[in-house]
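Peer 1: My structure is below; once you've seen it, I'll send some questions.
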Amino acid sequence: MKETDLPATSDPADFASSPPKIAQNGALDIKGTGSVITVMPTAARLAAKGFTMSDLAARLTGWTSYPIVDRTGLAGRFDFVLEFRPVPSRLPPPPAPSPGVASEDGASDPGPDAASAMEKQLGLKLTEAKAMLDVIVVDHVEKIPTEN
(Lines give C-alpha, C1' and ligand atoms only; values in the text may rest on other atoms or scores of the structure.)
Protein backbone atom coordinates (compact mmCIF):
# COMPACT_ATOMS: atom_id res chain seq x y z
CA MET A 1 0.00 0.00 0.00
CA LYS A 2 1.44 3.37 -0.94
CA GLU A 3 0.30 6.92 -0.48
CA THR A 4 -1.49 8.19 -3.56
CA ASP A 5 0.08 10.67 -5.93
CA LEU A 6 -3.30 12.38 -6.43
CA PRO A 7 -3.72 15.92 -5.08
CA ALA A 8 -5.68 16.15 -1.81
CA THR A 9 -8.47 18.00 -3.67
CA SER A 10 -9.04 15.20 -6.21
CA ASP A 11 -12.64 14.40 -7.01
CA PRO A 12 -14.01 10.88 -7.50
CA ALA A 13 -13.34 9.49 -10.97
CA ASP A 14 -16.26 9.71 -13.38
CA PHE A 15 -16.55 6.10 -14.59
CA ALA A 16 -19.59 6.97 -16.72
CA SER A 17 -17.61 9.25 -19.02
CA SER A 18 -14.26 7.46 -18.78
CA PRO A 19 -14.22 3.71 -18.03
CA PRO A 20 -11.63 2.62 -15.45
CA LYS A 21 -8.33 1.24 -16.69
CA ILE A 22 -6.38 -1.48 -14.93
CA ALA A 23 -2.59 -1.34 -15.30
CA GLN A 24 -0.45 -4.40 -16.05
CA ASN A 25 0.28 -4.90 -12.32
CA GLY A 26 -3.45 -4.83 -11.45
CA ALA A 27 -3.35 -1.25 -10.12
CA LEU A 28 -6.13 1.18 -10.94
CA ASP A 29 -5.14 3.81 -13.53
CA ILE A 30 -7.77 6.57 -13.32
CA LYS A 31 -7.98 10.34 -13.05
CA GLY A 32 -9.48 10.84 -9.61
CA THR A 33 -10.29 8.64 -6.64
CA GLY A 34 -12.21 5.39 -6.84
CA SER A 35 -12.13 1.63 -6.84
CA VAL A 36 -12.95 -1.34 -9.01
CA ILE A 37 -13.73 -4.75 -7.61
CA THR A 38 -13.56 -7.82 -9.82
CA VAL A 39 -15.39 -10.81 -8.36
CA MET A 40 -15.22 -14.43 -9.46
CA PRO A 41 -16.71 -17.43 -7.63
CA THR A 42 -13.55 -18.10 -5.61
CA ALA A 43 -11.57 -14.85 -5.77
CA ALA A 44 -11.95 -11.09 -5.71
CA ARG A 45 -9.59 -8.23 -6.51
CA LEU A 46 -10.10 -4.73 -5.14
CA ALA A 47 -8.02 -2.10 -6.94
CA ALA A 48 -8.26 1.34 -5.32
CA LYS A 49 -6.80 4.77 -5.92
CA GLY A 50 -6.93 7.62 -3.43
CA PHE A 51 -8.73 5.55 -0.79
CA THR A 52 -8.89 6.51 2.88
CA MET A 53 -8.91 3.83 5.54
CA SER A 54 -12.62 4.58 6.10
CA ASP A 55 -13.23 4.01 2.37
CA LEU A 56 -11.46 0.64 2.60
CA ALA A 57 -13.47 -0.39 5.68
CA ALA A 58 -16.77 0.54 4.03
CA ARG A 59 -15.88 -1.21 0.76
CA LEU A 60 -14.80 -4.46 2.43
CA THR A 61 -17.78 -4.62 4.78
CA GLY A 62 -19.93 -5.61 1.81
CA TRP A 63 -17.65 -8.58 1.05
CA THR A 64 -17.31 -10.02 4.54
CA SER A 65 -19.81 -11.47 7.01
CA TYR A 66 -19.11 -8.77 9.62
CA PRO A 67 -18.87 -4.98 9.70
CA ILE A 68 -15.40 -3.39 9.48
CA VAL A 69 -14.67 -0.14 11.31
CA ASP A 70 -11.55 1.96 10.70
CA ARG A 71 -9.52 2.37 13.88
CA THR A 72 -6.11 2.62 12.25
CA GLY A 73 -5.60 6.30 12.94
CA LEU A 74 -3.98 6.54 9.49
CA ALA A 75 -4.72 9.82 7.76
CA GLY A 76 -4.14 10.28 4.08
CA ARG A 77 -5.19 8.45 0.95
CA PHE A 78 -3.68 5.33 -0.52
CA ASP A 79 -3.40 3.28 -3.71
CA PHE A 80 -3.44 -0.50 -3.41
CA VAL A 81 -4.56 -3.83 -4.85
CA LEU A 82 -6.09 -6.42 -2.52
CA GLU A 83 -6.81 -9.99 -3.63
CA PHE A 84 -9.00 -12.11 -1.38
CA ARG A 85 -11.65 -14.84 -1.21
CA PRO A 86 -15.13 -13.34 -0.71
CA VAL A 87 -17.59 -14.88 1.73
CA PRO A 88 -19.75 -17.26 -0.39
CA SER A 89 -23.01 -15.93 1.08
CA ARG A 90 -22.17 -12.49 -0.40
CA LEU A 91 -21.99 -13.88 -3.94
CA PRO A 92 -24.84 -14.49 -6.37
CA PRO A 93 -25.54 -18.19 -6.96
CA PRO A 94 -23.33 -19.72 -9.64
CA PRO A 95 -24.89 -20.77 -12.95
CA ALA A 96 -25.83 -24.42 -13.29
CA PRO A 97 -23.08 -26.50 -14.92
CA SER A 98 -23.56 -27.43 -18.54
CA PRO A 99 -24.41 -31.09 -19.20
CA GLY A 100 -21.35 -33.21 -19.83
CA VAL A 101 -18.93 -30.73 -18.19
CA ALA A 102 -16.78 -32.21 -15.44
CA SER A 103 -16.61 -30.36 -12.12
CA GLU A 104 -13.36 -28.90 -10.84
CA ASP A 105 -13.16 -30.47 -7.38
CA GLY A 106 -10.14 -29.00 -5.57
CA ALA A 107 -8.93 -27.33 -8.76
CA SER A 108 -6.97 -24.56 -7.05
CA ASP A 109 -6.28 -22.80 -3.77
CA PRO A 110 -9.17 -20.41 -3.12
CA GLY A 111 -6.81 -17.78 -1.66
CA PRO A 112 -6.91 -15.91 1.64
CA ASP A 113 -10.05 -14.48 3.21
CA ALA A 114 -10.31 -10.67 3.52
CA ALA A 115 -8.74 -10.54 7.00
CA SER A 116 -5.69 -12.66 6.03
CA ALA A 117 -5.28 -10.80 2.74
CA MET A 118 -5.32 -7.40 4.46
CA GLU A 119 -2.62 -8.48 6.88
CA LYS A 120 -0.36 -10.17 4.30
CA GLN A 121 -0.85 -7.75 1.40
CA LEU A 122 -1.48 -4.37 3.07
CA GLY A 123 0.03 -4.79 6.53
CA LEU A 124 -3.32 -4.06 8.21
CA LYS A 125 -4.71 -6.38 10.86
CA LEU A 126 -8.42 -6.94 11.47
CA THR A 127 -9.21 -7.58 15.11
CA GLU A 128 -12.53 -8.49 16.66
CA ALA A 129 -13.91 -5.78 18.93
CA LYS A 130 -17.15 -4.21 20.04
CA ALA A 131 -18.09 -0.90 18.45
CA MET A 132 -21.05 1.44 18.23
CA LEU A 133 -22.66 1.23 14.79
CA ASP A 134 -25.57 3.03 13.19
CA VAL A 135 -28.36 0.54 12.53
CA ILE A 136 -31.77 0.94 10.94
CA VAL A 137 -34.43 -1.36 12.37
CA VAL A 138 -37.77 -1.82 10.60
CA ASP A 139 -40.15 -3.35 13.10
CA HIS A 140 -43.41 -3.07 11.16
CA VAL A 141 -44.50 -2.62 7.55
CA GLU A 142 -47.99 -2.31 6.14
CA LYS A 143 -48.90 -2.30 2.52
CA ILE A 144 -51.39 0.49 1.99
CA PRO A 145 -52.47 1.09 -1.59
CA THR A 146 -52.11 4.66 -2.77
CA GLU A 147 -53.67 6.38 -5.74
CA ASN A 148 -51.43 7.62 -8.54
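Peer 1: For the range 54-85, which positions are at pLDDT 80 or above, part of a loop (DSSP other than H, G, I, E, B) and over 14 Å from residue 35 (Cβ atoms)? Before the answer, list the steps.
Peer 2: The initial filter retains those residues of the range 54-85 that are at pLDDT 80 or above, namely 54-61, 66-85.
When the remaining residues are screened for being part of a loop (DSSP other than H, G, I, E, B), the result is 66-77.
Result: 66, 67, 68, 69, 70, 71, 72, 73, 74, 75, 76.
Peer 1: Hey, another quick one. More than 17 Å from the chain's Cα centre (by Cα) and either of a type in the set (Gly, Ala, Ser) or under 18 Å from residue 122 (Cβ atoms) (or both): which single residue out of 54, 65, 35, 17 fits that description? Talk me through it step by step, then tell me what you get.
Peer 2: Numbers: 54 fails: more than 17 Å from the chain's Cα centre (by Cα); 65 fails: more than 17 Å from the chain's Cα centre (by Cα); 35 fails: more than 17 Å from the chain's Cα centre (by Cα).
On inspection, the qualifying residue turns out to be 17.
Peer 1: Within the range 66-80, does at least one residue satisfy the condition of being in contact with a Ser or Thr (Cβ under 7 Å, 6 or more places away or on another chain), open to solvent by 60 Å² or more (accessible area, probe 1.4 Å) and free of Cβ contacts under 8 Å to residues at least 60 places away in the same chain?
Peer 2: Of all residues in the range 66-80, those in contact with a Ser or Thr (Cβ under 7 Å, 6 or more places away or on another chain) come to 67-68, 70, 77-79.
Within this subset, residues satisfying the condition of being open to solvent by 60 Å² or more (accessible area, probe 1.4 Å) are 67.
Imposing the further condition that a residue be free of Cβ contacts under 8 Å to residues at least 60 places away in the same chain reduces the set to none.
No, because not a single residue in the range 66-80 is in contact with a Ser or Thr (Cβ under 7 Å, 6 or more places away or on another chain), open to solvent by 60 Å² or more (accessible area, probe 1.4 Å) and free of Cβ contacts under 8 Å to residues at least 60 places away in the same chain.
Residues checked against (1) part of a loop (DSSP other than H, G, I, E, B); (2) not polar (S, T, N, Q):
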site: 5; (1), (2): yes, yes
site: 9; (1), (2): yes, no
site: 15; (1), (2): yes, yes
site: 25; (1), (2): yes, no
site: 31; (1), (2): yes, yes
site: 36; (1), (2): no, yes
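Peer 1: Considering 55, 11, which residue is free of Cβ contacts under 8 Å to residues at least 24 places away in the same chain and surrounded by fewer than 13 Cβ atoms within 10 Å (Cβ to Cβ)? Show your work before the answer.
Peer 2: Numbers: 55 fails: surrounded by fewer than 13 Cβ atoms within 10 Å (Cβ to Cβ).
Only one candidate qualifies: 11.
The values are calculated or read from the model by the stated rules, or taken from the named source; none is laboratory data. Note that the structure is a prediction, hence the values are computed from the model and not measured. Cβ atoms come from the backbone with ideal geometry, glycine included; neighbour counts cover every protein chain shown. The protein model used for the area step is the full one, side chains on, heavy atoms only, and it has no ligands, DNA or RNA in it. Shrake-Rupley method; radii C 1.70, N 1.55, O 1.52, S 1.80 Å.
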